[in-house]
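Here's the structure, in structure tokens; my notes come after.
The values are calculated or read from the model by the stated rules, or taken from the named source; none is laboratory data. The model shown is predicted, which means the values in this text are computed figures rather than measured ones. Cβ placement follows ideal geometry from the backbone for every residue including glycine, while neighbour counts extend to all protein chains displayed. Side chains included, ligands, DNA and RNA excluded: accessible areas come from the protein's heavy atoms. Shrake-Rupley method; radii C 1.70, N 1.55, O 1.52, S 1.80 Å.
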Amino acid sequence: MVVAIILVLGGGGALLGNFLLSKAYGPDQAVTDYFAAQGRGDVSVMMAGATYLRGDSTWDSLFGRSALDAMMALPQNADVKNVRVISSKQVDSKSQAVNVSMTWNGQPHTQTYNVVQDPGQTHFLFYHSWRVQVPFVTVQVTVPKQGGQVQLDGIAPPSIATDGTIEAVQGFHKVSMGATAFYDSATQDIDGVGSATPSATFPDAISSGATTLAKTAIKDAFTHCDNAKYLDCPGKTYKAPNTPGYVYYLSITGYGKVYYTSYAVTFTSDPTTNMKLAVGSEADHLVASGSCGLTLTVTGTSAGKYLLKGSWTADLTWESSDFAADVLFSCASSRA
């Protein structure tokens, strides 16, 4: 009898041990272990217990160790707490669907993760390891025309799809656009947990530095008006030809015929005030437009000051450190 009792107890112990080992190395535990490692920021353990899914190998550089380290540098991704298995369902002999709840970055999150056996790793000869299949998210990135280089968590993707998408590991990410001659650098945090298609949009706000240089180039172009070609160049005094028997006049919209022996043109306002500036369709080009005003000071029969207004347009080409401006203006097209 004593021997029989020992055998029964031994059998029960084996069953209990089998149960505990199955649980310790089972799919449910694999999920909780994975998120426990994420909560500690332990990238090595995370990678050992997971397979990071992606659409194709194009995006491999955003799913390796460097990418995971960069992702986990964001505190939102280590803020994973209260992980609890809600349900677990066998899919087939080698995979399990584990539904878990947690709080991620302070927000409740529930998701079913597929967990598959890892035949390359066993414990105590019989118990296979399981790997959590971590899904990817598709990040939609919108950059302005001629925007800077895009990076995800400080890593430049191999390319950006024609539809402006990048694949990344499920989680929070930092999307950045590098500075250019036209734009300041900019960064946005995106939520790749609560949204399967997170997005980052960088506005086409031309930098204050580029705007200042554009204004300088446009003002400079106005002062280099071709006096021989145009009759309204600022800072120039125009004289009527000294032809006996002839009287000369200007036909000015809003004033009619203005008889003169000479006239001078001066600006009445800064032409770059309230100018509109936009990135052009050609590389390294901006386009600009604005309004301008002139004072026409006349000597002769119609002596006096005539106030005029009009508009201008400009094409600006970036040349290493500043802009070259080609300005077309008509600042005397109507009465002010």
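A few comments on the model shown:
- If only the Cβ of Lys and Arg carry +1 and only the Cβ of Asp and Glu carry -1, the dipole of the chain around its Cα centre is close to 920 debye.
- Taking only the alpha carbons of region 128-280, we obtain Rg and Dmax values of 28.5, 112 Å in that order.
- The solvent-accessible area of His109, taken with every protein chain present and a 1.4 Å probe, is close to 20 Å².
- Radius of gyration over Kirkwood radius for region 230-336, both on Cα atoms: the Rg/Rh ratio is 1.11.
- Comparing Val247, Val287, Val83 in a Gaussian network model of the chain (Cα springs below 10 Å), the most mobile by mean-square fluctuation is Val247.
- Phe172 contributes about 20 Å² of solvent-accessible surface, heavy atoms of the protein only, 1.4 Å probe.
- Cα gyration tensor shape for region 138-208, rounded if a/c is under 1.5, else prolate or oblate: prolate
- Carbon-plus-sulfur accessible fraction, the chain (probe radius 1.4 Å, protein heavy atoms only): 55%.
- Cross-link pairs beyond the 19 Å C-alpha cut-off, checked among Lys239/Lys305; Lys219/Lys239; Lys276/Lys305: Lys219/Lys239; Lys276/Lys305
- Largest to smallest principal axis extent of the C-alpha atoms in region 72-112, angstrom: 37, 19, 11
- For region 28-74: rounded, prolate or oblate by the Cα gyration tensor [a/c cutoff 1.5]: oblate
- Of all beta bridges that DSSP places with both ends in the chain, some 95 percent have antiparallel geometry.
- Think of a 1.4 Å ball rolled over the protein heavy atoms: region 235-336 then has 56 Å² of accessible area per residue.
- Most mobile of Thr223, Thr243, Thr317 in a GNM of the chain (Cα contacts under 10 Å): Thr243
- Among Gly254, Trp318, Cys225 the positive-end extreme of the charge dipole of the chain (Cβ point charges): Gly254
- Farthest toward the positive end of the dipole of the chain, out of Val100, Val298, Thr138, is the Cα of Val298, where the dipole comes from beta carbon charges about the Cα centre.
- Each of Gly147, Gly164, Ile206 was placed along the dipole of the chain (beta-carbon charges, centred on the mean Cα), and the one lying farthest toward the positive end is Ile206.
- Surrounding net charge for Val98, when Lys and Arg each add one and Asp and Glu each subtract one, Cβ distance under 9 Å: 0
- The base-10 log of I(q)/I(0) for the chain, evaluated at q = 0.08, 0.09, 0.13, 0.15 Å⁻¹, reads -0.62, -0.69, -0.98, -1.15 [Debye formula, identical scatterers on Cα atoms, solvent excluded].
- Highest-fluctuation residue, Gly106, Gly245, Gly147 considered, GNM on the chain with Cα pairs under 10 Å: Gly245
- When only alpha carbons are used to place a centre, region 215-251 and region 31-70 end up 70 Å from one another.
- The calculated 222 nm mean residue ellipticity attributable to helices in the chain amounts to -6500 deg cm²/dmol, summing -39500 (n - 2.57) over DSSP H runs of n ≥ 4 and dividing by all residues.
- Dipole magnitude for region 68-166: about 240 debye, using +1 per Lys or Arg Cβ and -1 per Asp or Glu Cβ, origin at the Cα centre.
- 14 Å beta-carbon shell around Gln188, net charge (K/R +1, D/E -1): -3
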